[in-house]
Amino acid sequence: MLQYDLVVVGGGPAGMAAALQAHEDGVEKILVLERADTLGGILEQCIHTGFGLHYFGEELSGPEYAARFSEALYKTNIDVKVDTMVLDISADNVVTAVNNFDGLLTVKAAAVVLAMGCRERPRGALSIAGSRASGIMTAGTAQKYVNIDGYMPGKTVVILGSGDIGLIMARRMTLEGAKVKAVCELMPYSGGLTRNIVQCLEDFGIPLRLSCTVIQTHGKERLEGVTVANVDEHLQPIPGTEEYIPCDTLMLSVGLIPENELSKSAGVALDPVTNGLVVDEYRETSKKGVFACGNVLQVHDLVDYVTEESKLAGAGAAKFIRGEKPAGGTVTTVGENGVRYVVPQRINRATDKDVKLYFRVGRVLENVTLTVTCGEETLISRKKRKMTPGEMEYVTLKASVLEKLPEDAKLVVSTKEA
Amino acid sequence: MKYDVAVVGAGVVGALIARALSRTDLHVVLLEKYNDVAMGTTKANSAIVHGGFDAANGTLKAKLNVRGTELMPQLCETLHVPYRNNGSLVLAFSEEEMQHVHALYERGLKNGVPRLSVLDKSAVLELEPHVSGEVVGALLSETAGIVCPYELTIAAAENAVENGVDFIRNCAVTAIEKAPDGFTLQTTCGAIEAAYIVNAAGIHSDDIARMIGDDSISLVARKGEYYLLDKAYGYLADHTIFQCPNKMGKGVLVTPTVDGNLLIGPSALDVDDKEDVDTTAKGLQFVVEKAKRSVPELNLRGAITSFAGLRAHPTTDDFIIGFSEKSDRFVNVAGIESPGLSAAPAIAEMVYEMLLEKTKASERVDFKPGRKAPVRFRNMTKAEREALIAKNKAYGRVICRCETITEGEILDAIHAPAGARDVDGIKRRTRAGMGRCQGGFCGSKVVEILSRELGVPMNEITKFGGNSKILFEKTK
């Protein structure tokens, strides 16, 4: 059995940043395990720009952003194994993995960082009536076919769901010569970033149809068309609004789900709202010495925030390995009145730095006051012109404020309409 | 090509008949219209091995169901096909339905079904705690089970080919001409001569019979829709749970599958188009409402996929098996609706005996009844995995991360006799793409492997044959 101080599961942006931070903080033996054949994760197929504006102050493509980290990582003594799939993490942090050069690997780790990312919600979860023709795929799968394999997965496209990958693919397919006929969104608002709606749809004249869904697919072998319909306030199709749109491809961008099957087998507690993990301010999970960061923890819309979060996890793991990380975290956080969730869910009062509370709202909110309260006391109050479910928000809680809180304080992140 | 027997249709019935005939010195060809075996009714049904109490006394359905259910466990063991003897319950929700349960019990006894009993409410709830509290009682059939119908078909075809049967895919029969010693079949892949024909063409067996002037078979395509739920919901039922049958079939059932998922369905709607396997909002809604009557805790958050299949309903209400009145060289095996899967091993046995007697063929001494057990990396111990990878590195590369399917297993599926040629074929043989992400991650890798192994470009690989291509031309 191999012995490592830190095993990082996943070599995407989250895993790489965590490994690099732990290395910088003096952890000596680090192993990164990645199931794809290169480091970089999903960034490798995101060849558009828009990455790094916050973190590097410049606009990079996905592979360029990833290369900043993979190049740095390969200059260190951090061990990397690509094409390696982790099968299991035991109760005592023994990681079992498999590849076609070592065979079965077992690694005993003092600390583990979970950075497995997320997956796309598939068609089956939607129960769209109709045929099982080819040409129905998630936007991410289509993105891989176009950007990595170099093949067109369709010529005339309807996109269901206005998540960011769907928006990006609307533009990408258009640039490659396909006709994107419509982006249909079930909700009355988009699930994607405003900048993507402007740059990927509006700039190309692609219609975004809100409160609209696909109710049937047509075509026996290859998809031939879809029937769309408007939905009412209960999200049910409105009879009489059906419209047939001929197309050979239906792309789905209907949500991302953190890939926590390994975490579950390792016995780590999950947050039922995010489907991610319950963590403290250093992203330590309910299990001692097991940390998590990136989309496995909560689905992000900007990689810059993933990097920030992952550095915290790497620093936390380094502290844990040195025996300096305070355990527990007795202050809890919760979202209320429009705030769907808050990460981290637990905070150590005696933490050594300011803590950013990340959250998302459950619907579009305009002209509201965002507050962080503890009992009767308002710790933070900010006016917000607009908040949307598609954009992750944060507020910063000063360490000096935290240390004055009672031990079992419950922090409530909430909104109030003006 | 000249054959002794041409079996038309590689569903579960055709494949098992071809395998049965491969025990003899007859030269057999198995013709399939689609790109793979098990593409019709076989791939979309309830996957149930029925006890045999439902069919009317004295029918072929009754006789062959009871015999098939008896043969199934050993057959599945020999062919390494997942089968579980989980038993079935027919629930009654009123005294009137309870009378029906008693009638089924009596009918079952007359059909020769062993291990039947009538349970009261508490006994039902003890066996199945998630069944509705409104249940009054039930019929328990202990010999009933569940099986994977397409895996049974794949295994049977594989074993038949290993024993010398020729399998020809993408081969649709378009006309049949009488020849001095049999027939000439005109097909989409040329003329094929055969002394005997077994018509196992499923929903199209009436059309095939008509090609020799036999218009005695009248079939109705009856659509059934299903939901498949995640393994996390498999705990809701251990037995196969039926409701009291009606004139359109056995009603909506709730059952575990051999893979541990939960299956609910089917609806029953007669359709005109024999290729219409579209799911409908109405049909799926019907299935959910009916299934909730049996198991109220069901909810669709666990739905992985939905699908529809067609049953070949004979207007006579019984299986049609025997020599055609137009030719004693042409065997009809038609109208094989429920309990067709359960009966399939017995149907194969019956057709085998008919043709053995007719042709005076002799049994081969070198018949291999079993197939090599397929590698299932996910079910292996650490030591087994180590040994496997040491022998072949391809088993160390995980392609489908949700179901832990390795490249080695996918290569096996492609290179097996009557192996996979498309993405769905890989999925049915290995489970790659059947998990939570439904092929979102592994789909493109499977296309890549198929392209490499079959020596064709990626944009010629299909989902399930025909024009179901996945990719168009290369990007600019």
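Structure values in brief
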quantity: Estimated FRET transfer efficiency (A:Glu391, B:Thr78; beta-carbon r; R0 56 Å; 0.05); calculated: 0.40
quantity: By accessible area with a 1.4 Å probe, ligands and nucleic acids excluded, highest first: order of A:Arg385, B:Arg67, B:Arg397, B:Arg222; calculated: A:Arg385, B:Arg67, B:Arg397, B:Arg222
quantity: Nonlocal amide H pairs with A:Tyr189, under 5 Å, H built at 1.01 Å; calculated: A:Ser211
quantity: Two-decimal log10 I(q)/I(0) for the range B:1-76, as the Debye equation yields it once each C-alpha is a single scatterer, q = 0.13, 0.18, 0.25 Å⁻¹; calculated: -0.51, -0.89, -1.17
quantity: Sequence-distant residues sharing a close amide H with B:Leu253 (under 5 Å, placed H); calculated: B:Gly265
quantity: Extension gain from B:Glu386 to B:Asp317, taking 0.36 nm per residue of separation minus the Cα-Cα distance; calculated: 19.5 nm
quantity: Ratio of Rg to Rh over chain B (Cα coordinates, Kirkwood Rh, two decimals); calculated: 0.96
quantity: Surrounding net charge for A:Thr373, when Lys and Arg each add one and Asp and Glu each subtract one, Cβ distance under 11 Å; calculated: -1
quantity: Nearest-10 value in Å² for the accessible area of A:Glu59, using the 1.4 Å probe; calculated: 110
quantity: Heavy atoms of B:Met350: accessible area, 1.4 Å probe, square angstrom to 10; calculated: 40
quantity: Where labels lie 7 Å past Cα in the beta-carbon direction, separation of A:Glu324 and B:Ala123 in nm; calculated: 7.0
quantity: Per-residue [θ]222 nm for chain A (sum of -39500 (n - 2.57) over DSSP H runs n ≥ 4, rounded to 500); calculated: -5000 deg cm²/dmol
quantity: Other protein chain Cβ atoms within 10 Å, averaged over every residue that makes up B:444-452; calculated: 2
quantity: Pairwise FRET efficiency - A:Tyr189 versus A:Thr378, Cβ, R0 = 22 Å, nearest 0.05; calculated: 0.20
quantity: Rounded FRET efficiency, nearest 0.05, which uses the C-beta distance separating A:Thr241 from A:Glu366 and R0 of 22 Å; calculated: 0.20
quantity: Cα-based equivalent ellipsoid of chain A: semi-axis lengths in Å, sorted from largest, via gyration tensor; calculated: 37, 28, 18
quantity: Largest to smallest accessible area among B:Arg431, B:Arg311 [probe 1.4 Å]; calculated: B:Arg311, B:Arg431
quantity: D_trans [Stokes-Einstein, Kirkwood Rh over alpha-carbon pairs] for the range B:377-460, 37 °C, 0.692 mPa s, µm² s⁻¹; calculated: 254
quantity: Estimated [θ] at 222 nm from DSSP helical runs (n ≥ 4, -39500 (n - 2.57)) normalised by residues in chain B, nearest 500; calculated: -9500 deg cm²/dmol
quantity: Area of B:Asp230 that stays accessible when all protein chains are in place (1.4 Å probe, Å², to 10); calculated: 40
quantity: Evaluated over the range A:328-418, the Cα radius of gyration and Dmax, each in Å; calculated: 12.7, 37
quantity: DSSP H segments from chain B that extend 18 Å or more along their own axis, Cα-based, with Kyte-Doolittle mean of -1.0 or above; calculated: B:60-79, B:149-162, B:281-294, B:340-359
quantity: Helix axis angle, A:62-74 relative to chain A longest principal axis, alpha carbon, degrees; calculated: 30
quantity: Degrees between helix A:13-24 axis and first principal axis of chain A (Cα, 0 to 90, nearest 10); calculated: 20
quantity: The range A:122-254 - percent of accessible surface contributed by carbon and sulfur, probe 1.4 Å; calculated: 54
quantity: Whole-Hz couplings from phi, Karplus 6.51/-1.76/1.60, listed for the range A:182-188; x for Gly and Pro; calculated: 6, 10, 9, 10, 4, 7, x
quantity: Distance between modelled label sites at B:Ala56 and A:Asn77, nm, 7 Å Cα→Cβ extension; calculated: 8.4
quantity: Viscosity 1.002 mPa s, 20 °C: Kirkwood-radius Stokes-Einstein D of the protein assembly as shown over Cα pairs, µm²/s; calculated: 72
quantity: Between helix A:303-322 and chain A: long-axis angle, C-alpha atoms, 0 to 90°, nearest 10; calculated: 20
quantity: D (Stokes-Einstein, µm²/s), Kirkwood Cα radius, the range A:122-254, 1.002 mPa s at 20 °C; calculated: 148
quantity: Largest-first principal axis extents of the Cα set of the range B:415-461 (Å); calculated: 30, 23, 11
quantity: Orphan Cys of chain A, criterion: no other Cys C-beta under 4.7 Å; calculated: A:Cys46, A:Cys118, A:Cys200, A:Cys247, A:Cys293, A:Cys374
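The values are calculated or read from the model by the stated rules, or taken from the named source; none is laboratory data. Bear in mind that the values here come from a model prediction, so they are computed numbers and not experimental data. Positions of Cβ are generated from backbone atoms using ideal geometry, with glycine treated the same way; all protein chains shown enter the neighbour counts. Surface accessibility is based on the protein's heavy atoms, side chains included, excluding ligands, DNA and RNA. Shrake-Rupley method; radii C 1.70, N 1.55, O 1.52, S 1.80 Å.
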